[in-house]
1. Among the listed residues 36, 29, identify the single one that is of a type outside the set (Asp, Glu) and either surrounded by 11 or more Cβ atoms within 10 Å (Cβ to Cβ) or in contact with a strand residue (DSSP E or B) (Cβ under 7 Å, 6 or more places away or on another chain) (or both).
2. When both residues are 6+ apart or on different chains and their Cβ atoms are under 8 Å apart, which pairs have a first residue that lies in segment 60-85 and is more than 14 Å from residue 46 (Cα to Cα) and surrounded by 13 or more Cβ atoms within 10 Å (Cβ to Cβ), and a second that is modelled with pLDDT under 90 and among the aliphatic types (A, V, I, L, M)?
3. Looking at segment 26-64, which of its residues are among the polar types (S, T, N, Q) and either closer than 30 Å to residue 13 by Cβ or outside any helix (DSSP H, G or I) (or both)?
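The values are calculated or read from the model by the stated rules, or taken from the named source; none is laboratory data. Just so it is clear, the structure is predicted and the values come from calculations on it, not from any experiment. Here the Cβ is made from the backbone with ideal geometry for all residues, glycine too, and neighbour counts use every protein chain on show.
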Amino acid sequence: MSPKERRDWYEGEKVRVELEISKGNLITLDQYREELARILKQLANTLETLPDTLERKCALPPSSISAMQAELDKERMALVARLEVSNECAA
């Protein structure tokens, strides 16, 4: 591409991206991070209360609840570790 063609292409892309943002088809990195944090917070809250909810609704014995809580904690820590590694790779 000639310099003029490259400039025209980049200007066209800039307009396209601005249009996609205004239509709500694209979000900023900050908006993405805020939404991801909101979703992960809801997930963490759900996992935190799941043993108590199941104990109450299903009358599970305390040993089952303890085992479930330990497994959920282990998996939550593994998820955090995977997200941290993924985040380091993206940076």
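1. Values: 29 fails: either surrounded by 11 or more Cβ atoms within 10 Å (Cβ to Cβ) or in contact with a strand residue (DSSP E or B) (Cβ under 7 Å, 6 or more places away or on another chain) (or both).
One residue alone meets the criteria, 36.
2. none
3. Quick first cut of segment 26-64, residues among the polar types (S, T, N, Q) only: 28, 31, 42, 45-46, 49, 53, 63-64.
Answer for segment 26-64, where residues must be among the polar types (S, T, N, Q) and either closer than 30 Å to residue 13 by Cβ or outside any helix (DSSP H, G or I) (or both): 28, 31.
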